[in-house]
Amino acid sequence: MDDDEEENSGAGWIVSYADLMTLLFATFVVLYGLKPEGETKAFLGVASSIREAFMEVPDDIPLVSKYGPSVKGKDIFKFWRGDADHKPIVKKYNRTEYALNIINKDFDTVRNVVDSVRKKMDTGSDGSKATTTSPITVIKSGDFLSIRLMSSVFYQPGAYRLKRKAIRELAPLVETLINTERKIHIAGHTDNIPSNGDFSNWELSALRASFMARYFIDYYDFPPQRISAGGYADTKPIFSNETQQGRDGNRRVEIMVKYDDLPQEE
């Protein structure tokens, strides 16, 4: 081995050492970004770039890069950075954190009110259990909150008008939704059993949703520009329609609190 070969082989450690220093720098940059004094817009830009480069899974995968079957919502894919267009990294990072903070805050507030309403409706006048399943629940999913109301509790069979007692019980919830200053969409749903009343499942689901929107506007002064309604019949079940319990759960009205119009940055 001549002198040049010996010199080149001995310097190989420099590459690994440089990689180690880069990773350590990235680690401390991210750690500092988590501290309050590190949350400047300039620093968030650096931190979010490092997060995306080292930790984040891409939000969207090009169709041409996917192959193989999807299993439980997961795709087998090949991906090279740069294959898909992304919004500016800083805006995406800020919007994610900003949106999550707002959604989580509203979810905690709405959940407390829903728990209070549920306790009143679950307990009869003698203190006994009034219903076997929860009449009202709230879930958090993506860019919206969903408040699910069981039709068997809030409506008479085949009717589209809310029970009078239900209107009173919902007052604290509606006031909370008004205070969130968010848009809501009220969606009516049925099971797959044809209705025996005067209306089809499509008509009944649409009427229940639209009349609930009307109650919100007329009784509680909900801003009409912030509310919409629609009926979906049995097209969006959340349980199997093969059992009575599943059909009971599918007969529902959902109040969806929407967050898809949040600003890109704080």
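A short reminder: the numbers here are calculations on the coordinates, not readings from a lab. Bear in mind that the values here come from a model prediction, so they are computed numbers and not experimental data. Glycine also receives a Cβ, built like all others from the backbone with ideal geometry; neighbour counts cover every protein chain displayed.
Which value in nm describes the separation of the simple spin-label points at ILE14 and SER116, placed 7 Å from the Cα toward the beta carbon?
Here the answer is 6.9 nm between the modelled labels.
With the cut-off at 24 Å, tell me which of the pairs LYS105/LYS183; LYS105/LYS163; LYS165/LYS258 have Cα atoms farther apart than that.
LYS105/LYS163; LYS165/LYS258
Length gain on complete extension for the stretch THR235 to SER152, per 0.36 nm per residue less the alpha carbon to alpha carbon distance?
Answer, rounded to one decimal: 28.0 nm.
Find how much the distance from ILE193 to LYS105 grows on full extension, using 0.36 nm per residue of separation minus their present alpha carbon separation; answer in nm with one decimal.
27.8 nm is the gain from fully extending ILE193 to LYS105.
Does segment 97-258 come out rounded, prolate or oblate, given a ≥ b ≥ c as the square roots of the eigenvalues of its C-alpha gyration tensor, rounded meaning a/c under 1.5 and, failing that, prolate meaning a/b above b/c?
rounded
LYS258 to TYR32: FRET efficiency via 1/(1 + (r/R0)^6), r the Cβ-Cβ distance, R0 35 Å, to the nearest 0.05?
Efficiency computed from Cβ-Cβ geometry: 0.50.
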